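Structure first, then comments.
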Amino acid sequence: MASSGSGYDLSSSTFSPDGRIFQVEYAAKAVENGGTTLGIRCSDGILLCSEKPLVAGRMAVPASGRRVHALSSYAGAAVTGFLPDGRQVVARGREEAAGYLDSFGAPIPPTVLAERLGSYVHYFTLHGALRPFGASTLMAGYDTAEKRHSLHMVDPSGMSYEYYAAAAGRGRQSAKTELEKLPLQPGGAGVTLERGLVILAKILHMLFEEGRDKPFVIEMGWMGVRTGWKFSAVPDGLVKAAEVEAKKELEDEEGEDDEGEEMEE
Amino acid sequence: MSRDSNYDHHITIFSPQGRLYQIEYAFKAATATSGLTSVAVRGKDTVALVTQRKVPDRLIVPSSVTNIFKISDGMGCLMTGMGADCRAQVSRLRYEAADFTYKYGAPCPAAVLAKRIADVAQVNTQSASMRPLASVAMLVSVDDERGPQLFKVDCAGHYLPFKAAASGAKEQEAMNHLEKKAADMANYSEDETVRAAIVCLGSVLGSDFRGGELEVAKVTGKDGKFGVLTEDEIEGHLNAIADSDA
C-alpha cells in the first residue's frame, strides 16, 4: 500500500493504486493544524466560534484577522485551516449569496449555499493545475421560506453535511466528544444560544494547555431569534462573560474531581 | 509490473500492456471507498433502487446523508463512490436533463441522459489535467415508449442498460445473486421489484435490516414520479419479506 504517497500525491488529478486522492487527504491534515472552530445548532439559533491564537502579540489590532464572517444577511461562516484559503471560500460564499438574491429575489437557502460551496471546493480537487483548499468551512444559515435554521460544514474534499454540532481544527476529536454529550438530537431538550455561548467557551478552554498553546481570543458569531435571524458578531461583552462563566464551571468541575480523589484516601 | 509503474501517473498515457491505470484506480476509489453496496432491479413497470444508509458521524443530521437523488420528476439515480464526486455528477445529470427538456420540450429519456453523462465522463479519461470522477451512477426511469429503464454509468464512461445491477463493495456477489433471478424479473410487480432488491442486498451483506438502515427509492408506471420510500414503507416491505421466508 502506497500509504506514504510516494509519487501519487503530487497532484489532485492522480489516484493512488488503492483509490485514494492524497492531495485531498493532505489538505484535510492542513485543516487539522488550524485553530479549533466549533458550531452548534441551538433551539433558538446557531452559534459559530473560533479560537484565534494571539500570534502577533500585543501589536496586532484585536479585531483583525477575523475567522468568523457574515456571508449575507441570513448566513455566516467560520473557517479554519490555512486561513488564506478559507478567505477564498468565504469570498465565493458571498458571491453565491449575492448572485442568488440578484437572480431569484430571495435570500439563498442554506442547503443551496452549502451545496454551492461544496461544489466550488470540490472543483479544486479535480484539476492537476489546482490544489485543494486547505480549509474547512462551518456555515450557519436561515431559510426564510421554510423558517428553518441549519448548520453545515464543507470539508476540503467538497463534501458537505448538515450537522447538529460540528468541530474542525485542533482538538477536534475531544471537542466532538463533548458536543456529542449535548441533547441536540430530535426529541432532545436542545440547547439555547445563551447556554451555547458558555458551552463553546468551555470546550475551547478545556482544550487549551498552558505552555503548549499560545494564549487565544475567542471570536463568536451567531444568528437566532434574538438577532432577527441575521448573522452578526456576538458582542464582546457577552463573549467575555461567557468565558468567565466557562472558566468558573471548569474550575468547579476540577474541584469535584479533586474531592473524589481525596475521598479515595 | 514494475515496467508499468511509470505510466500510472498520467491518464493520457497507456501502459505497455495497453492499460489505463488511472481509470482502474478511479474504479477502486468508487467501489471501495464508501464501503457501501447498492442494488437496482427492473420489473414489469417499476424500477427500484436500494442502498445502505450509514451516517458517518453522530453529529450529522441523518436526512442530509443520502446516495439517492432525484434528477427530474420521472428519473432518479443511485450514486456509489466518493461523496463530493457523486454530488458533482448529480449536479451535471440534473443540468443535462433540464437542458434537454428546455430544448426539446419533453422529459429526457434515461438512455439519452446516460449516453450524455458517459460522454462527459470519457473526456476526463482522455485529458491530462482532469481526473475521472470516482462515482458510479445507476439511472432509473420508466420510459413511455420502452418501459422501465436502468442504466449504469461508470468512471470510465461505459454505460449499459441492465435488467438488474449492483455497484460498490460487494458488487460481484450481488450481481451473481441477481443473475439467478434475471429471467423472472420482467414480470415482477412493484412490490416484488422492491423486495427483490432488498433481498439481494440482505443476502450479500449477510444481515437483516431495520427500516432506518436502508435507503429505498422507486419509480413506477409511465407517468410515475421518482420517489424515496419512508421508513414505515420500508419496514412494511421488510416485514413482508420476513413473513414470506417464515
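Where the centre of each part is set by its Cα atoms, how far does the stretch A:19-69 sit from the stretch B:15-64, in angstrom?
Between the Cα centre of the stretch A:19-69 and that of the stretch B:15-64, the gap is 32 Å.
Which one of B:V120, B:V136, B:P161 has its Cα pushed farthest toward the positive end of the charge dipole of the stretch B:115-225, where Lys and Arg give +1 and Asp and Glu give -1 at the Cβ?
It is B:V120.
Calculate the FRET efficiency for A:A129 and A:M59 from the Cβ-Cβ distance with a Förster distance of 35 Å, rounded to the nearest 0.05.
For R0 = 35 Å, the calculated efficiency reads 0.40.
Using a 1.4 Å probe on protein heavy atoms, which residues of the stretch A:104-134 have at least 20 Å² less accessible area in the complex than alone?
Buried-area filter returns A:E115, A:H122, A:L126, A:H127.
For the interface of A with B, what's the total buried accessible surface in square angstrom, probe 1.4 angstrom, rounded to the nearest hundred?
2700
Output the 0 to 90 degree angle, nearest 10, between the alpha-carbon long axis of helix B:110-124 and the longest principal axis computed from the alpha carbons of chain B.
With both axes taken from Cα atoms, the answer is about 30 degrees.
Compute the long axis of helix B:231-245 from its Cα atoms, compare it with the longest principal axis of the Cα atoms of chain B, and write down the angle in degrees, 0 to 90, nearest 10.
70
Which pairs, out of A:K176/B:K218; B:K152/B:K181; B:K181/B:K218, put more than 26 Å between their alpha-carbon atoms?
A:K176/B:K218, as the Cα separations exceed 26 Å there.
Leaving out ligands and nucleic acids, and using a 1.4 Å probe, what accessible area per residue does chain B come to in Å²?
47
Can you pull the percent of the protein assembly as shown's accessible area that's carbon plus sulfur, 1.4 Å probe, other chains left in place?
Here it works out to 51 percent.
Residue separation times 0.36 nm, minus the C-alpha to C-alpha distance between B:V55 and B:K115: what's the value?
Extra length available between B:V55 and B:K115 comes to 18.4 nm.
Give me the base-10 log of I(q)/I(0) for chain B at each q in 0.10 Å⁻¹, Debye formula, one uniform scatterer per Cα, rounded to two decimals.
-0.48
Threshold 30 Å², probe 1.4 Å: give the residues of the stretch A:151-195, in number order, that are less accessible with all protein chains present than with their chain alone.
Residues passing the criterion (a loss of at least 30 Å², heavy atoms only) are A:M159, A:Y161, A:E162, A:Y163, A:Y164, A:K176, A:E180, A:Q185.
Suppose every Lys and Arg Cβ carries +1 and every Asp and Glu Cβ carries -1, with no other charges. What dipole size does the stretch A:103-213 come out with about its Cα centre, to the nearest 20 debye?
60
So which residue, out of B:A186, B:A156, B:A166, gets the largest mean-square fluctuation from a GNM of chain B using Cα contacts under 10 Å as springs?
Result for chain B, Cα springs under 10 Å: B:A186 fluctuates most.
Can you give me the accessible area per residue for chain A, using a 1.4 Å probe, in Å²?
47
Sequence-distant or interchain residues sharing an amide H contact under 5 Å with B:M75, placed H: which?
Under 5 Å from the amide H of B:M75: B:F226.
Mind checking Rg over Rh on the protein assembly as shown, alpha carbons, Kirkwood formula for Rh?
1.01
What is the angle, in °, between the Cα long axis of helix B:83-104 and the longest principal axis of the Cα atoms in chain B? Nearest 10 is fine, range 0 to 90.
Approximately 80 degrees, to the nearest 10.
Pick from A:A246, A:A77, A:A167 the residue whose mean-square fluctuation is largest in a GNM of chain A, springs joining Cα atoms under 10 Å.
A:A246
The values are calculated or read from the model by the stated rules, or taken from the named source; none is laboratory data. Quick caveat, the model's predicted, so the values are computed rather than measured. All Cβ positions, glycine included, derive from the backbone under ideal geometry; neighbour counts span all protein chains shown. Ligands, DNA and RNA are excluded from the accessible area calculation, which covers all protein heavy atoms including side chains. Shrake-Rupley method; radii C 1.70, N 1.55, O 1.52, S 1.80 Å.
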